[in-house]
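The values are calculated or read from the model by the stated rules, or taken from the named source; none is laboratory data. Please read these numbers as outputs of a predicted model, since none were measured by experiment. Cβ sites come from the backbone with ideal geometry, for glycine too, and all protein chains shown count toward neighbours. Just the protein is used for accessible areas: all its heavy atoms, side chains included, with ligands, DNA and RNA removed. Shrake-Rupley method; radii C 1.70, N 1.55, O 1.52, S 1.80 Å.
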Amino acid sequence: MPNPAAERPLTRRGKLVRIAATLAMTFALMATSLWGTDDFFPFAPFKMYSHAHDPDGWANSTSLVLTDATGRSFPIGDNDTGFRRAELEGQLSRFREDPELLALVAEAYERAHPDSPEITAAEVVITSYELKDGERTGAETVEVAAAWTEGADA
């Protein structure tokens with residue numbers, strides 16, 4: 001059965017409303033693409049996707065490294081704690097200011113791995129790789145951006 005409302009043409013007012021909405025959205029996209037920040041998403045590009053790395057520069061890789069009671073150190077991934085790498089990078093300034101926050105990551109790992117040895121230390125490690133024509137040259141630097149040790153005085 002045909003829908004009678006679907007067969008009626010748009011009124012002049014309906015067309016003007018749609019045109020105005022389209023122009024407003026287009027203006028918002030253009031303006032925030034030039035002057036917007038991540039807070040304006042989806043009307044502004046995310047900074048992390050809005051530019052490419054220099055193929056002849058340095059690229060950073062941020063990771064979390066835990067140390068257990070046996071002295072074994074190991075990097076952890078997103079599935080180990082539910083704490084994603086993007087969140088780690090986004091909260092890096094907080095970890096630098098207050099490394100004790102890494103104790104929460106250690107607790108999350110222990111909850112997710114109850115049969116593993118206790119976590120006694122955690123570090124945020126930033127490894128920078130030199131690139132030449134988009135390929136690693138072998139040169140790298142390692143920075144411990146924040147470190148927490150169980151029982152250490154703050």
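Only residues that are in a strand (DSSP E or B), under 21 Å from residue 129 (Cβ atoms) and either in contact with a Leu (Cβ under 9 Å, 6 or more places away or on another chain) or aliphatic (A, V, I, L, M) (or both) were counted across region 53-81, and they come to 10.
The lone criterion from (1) under 19 Å from residue 151 (Cα atoms); (2) exposed (fewer than 15 other Cβ atoms within 10 Å of the Cβ); (3) among the aliphatic types (A, V, I, L, M) left unmet by residue 86 is number (1).
Pairing residues of region 98-110 that are at negative phi with residues that are among the polar types (S, T, N, Q) and at pLDDT below 95, at Cβ distances under 7 Å and at least 6 apart in sequence or on separate chains, gives 105/81; 108/81; 109/81. Restricted to helices (runs of 4 or more DSSP H) entirely inside region 82-154, those with at least 3 residues that are at pLDDT below 90 and out of contact with any helix residue (DSSP H, G or I) (no Cβ under 7 Å at 6 or more places or on another chain) are 85-90.
Pairing each residue of region 131-154 that is on the phi > 0 side of the Ramachandran plot with any residue that is open to solvent by 60 Å² or more (accessible area, probe 1.4 Å), provided the two are 6+ apart or on different chains, yields C-beta distances under 7 Å for 133/55; 133/56; 134/55.
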